[in-house]
Amino acid sequence: MKYYPINIDIRGKNAIIVGGGAVAERKCRTLLEAGAAVTVIAPRLSRGLRSLLEKGSISHCARDYRRGDLAGAFLVFAATGNRTISAAVAEEASDWRILANIADMPDRSDFTTPATVARGELLLTVSTGGKCPVLAREVREELHARYGEEYGEILRILGAVRDKLLASKKGCHAVKEILDSLVSHNLPGILRGDSLDSVDRLLREIAGPGFSLNELGLEKGKPE
């Protein structure tokens with residue numbers, strides 16, 4: 001295994017993107033969704049990046065990359081299509097020990113960005129180690145069709161159940177048994193096909209009194 005899979009909290013952290021085209025825009029939108037503070041270094045921006053700039057969502061340095069631009073960055077992305085610039089970005093990132101993703105030079109990258117499917121807090125990722133992004137996208141589409149929005153709602157319910165059980169001083173083994181039982185009872189099918197009263201009945205049957213969507217502080221609303 002070439003890469004070690006890890007999810008990183010980048011909320012409020014500085015991410016620099018060198019490049020202003022379509023690839024840079026895709027990376028920028030993903031970074032913004034994860035809460036990063038994004039600066040784009042490029043003489044020109046795609047229409048989408050200009051829109052993000054006008055909304056105040058990103059910062060923009062309207063020129064070509066210069067050595068020293070990466071100071072203070074947590075993550076760096078190079079997406080210019082210019083291998084000379086890419087190599088320079090990779091070199092500076094290495095000097096500063098900043099993790100870098102170099103779009104056109106995967107051998108100089110410290111990490112790859114997987115294809116993702118997000119369902120609330122449930123995040124499914126697919127990586128081909130940079131070998132074939134097209135295959136990653138195809139598998140992502142299969143996951144997208146297989147795991148609907150109800151899975152995000154399931155995770156929200158299970159998380160609330162877990163928190164309440166732990167707050168009531170239930171032991172870890174008992175908590176695991178209850179969650180295992182809930183997961184085994186086809187919650188996706190219940191959410192897709194039955195009334196939410198069925199969810200409440202299942203919660204009370206397995207977790208006990210005091211466990212319903214309302215008592216867990218969750219709004220009743222079936223996912224689309």
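The values are calculated or read from the model by the stated rules, or taken from the named source; none is laboratory data. The structure displayed is predicted, hence computed values, not measured ones. For neighbour counting, all protein chains shown are included, and Cβ atoms are generated from backbone atoms with ideal geometry for every residue, glycine included. We work out accessible area using only protein heavy atoms, side chains counted, and drop any ligands, DNA or RNA first. Shrake-Rupley method; radii C 1.70, N 1.55, O 1.52, S 1.80 Å.
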Query raised in the report: Does S127 satisfy the criteria of being exposed (fewer than 15 other Cβ atoms within 10 Å of the Cβ), polar (S, T, N, Q) and at negative phi?
Result: no
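Counting only residues that are surrounded by 15 or more Cβ atoms within 10 Å (Cβ to Cβ) and under 16 Å from L202 (Cα atoms), how many does region 165-183 have? Show your work before the answer.
Within region 165-183, the subset surrounded by 15 or more Cβ atoms within 10 Å (Cβ to Cβ) is 165, 170, 175, 178-179, 182.
Narrowing further to those that are under 16 Å from L202 (Cα atoms): 165, 175, 178-179, 182.
Matching residues across region 165-183 total 5.
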Report task. For region 190-214, enumerate the residues that are closer than 24 Å to G148 by Cα, modelled with pLDDT of 90 or more and open to solvent by less than 20 Å² (accessible area, probe 1.4 Å). Result -> V199, D200, L202, L203, S212, L213
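Specify which of the listed residues (R44, R29, R11) is of a type in the set (K, R), in contact (Cβ under 8 Å) with a residue 12 or more places away in the chain, open to solvent by 20 Å² or more (accessible area, probe 1.4 Å) and in contact with a helix residue (DSSP H, G or I) (Cβ under 8 Å, 6 or more places away or on another chain).
Values: R44 fails: in contact with a helix residue (DSSP H, G or I) (Cβ under 8 Å, 6 or more places away or on another chain); R11 fails: in contact with a helix residue (DSSP H, G or I) (Cβ under 8 Å, 6 or more places away or on another chain).
Exactly one of R44, R29, R11 is of a type in the set (K, R), in contact (Cβ under 8 Å) with a residue 12 or more places away in the chain, open to solvent by 20 Å² or more (accessible area, probe 1.4 Å) and in contact with a helix residue (DSSP H, G or I) (Cβ under 8 Å, 6 or more places away or on another chain), namely R29.
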Query - Matching entry among A24, A73 (being modelled with pLDDT of 95 or more, under 24 Å from P133 (Cα atoms) and not basic (K, R)) - result: A24
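Quick check on my filter: what residues within region 130-141 are exposed (fewer than 15 other Cβ atoms within 10 Å of the Cβ) and outside any helix (DSSP H, G or I)?
K131, C132
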Requested in this report: Would you kindly identify the helices (runs of 4 or more DSSP H) lying entirely within region 142-224 that contain at least 3 residues that are in contact with a strand residue (DSSP E or B) (Cβ under 6 Å, 6 or more places away or on another chain)?
Outcome: 150-167
Report summary line: Conditions (1) touching a residue at least 24 places away in the same chain (Cβ under 8 Å); (2) open to solvent by 20 Å² or more (accessible area, probe 1.4 Å); (3) under 16 Å from F111 (Cβ atoms) -> M1 fails only (1)
Requested in this report: Within region 61-82, work out how many residues are touching a helix residue (DSSP H, G or I) at 6+ places or on another chain (Cβ under 6 Å) and open to solvent by 60 Å² or more (accessible area, probe 1.4 Å).
Outcome: 1
Query raised in the report: Which residue pairs have Cβ atoms closer than 7 Å, lie 6 or more positions apart in sequence or on different chains, and pair a first residue in region 90-112 that is more than 22 Å from C132 (Cβ to Cβ) with a second residue that is among the charged types (D, E, K, R) and surrounded by fewer than 15 Cβ atoms within 10 Å (Cβ to Cβ)?
Result: E92/R67
Query raised in the report: Taking only pairs six or more apart or across chains, which ones have beta-carbon atoms under 8 Å, a first residue in region 168-182 that is of a type in the set (D, E, K, R), and a second residue that is surrounded by 13 or more Cβ atoms within 10 Å (Cβ to Cβ)?
Result: K170/I178
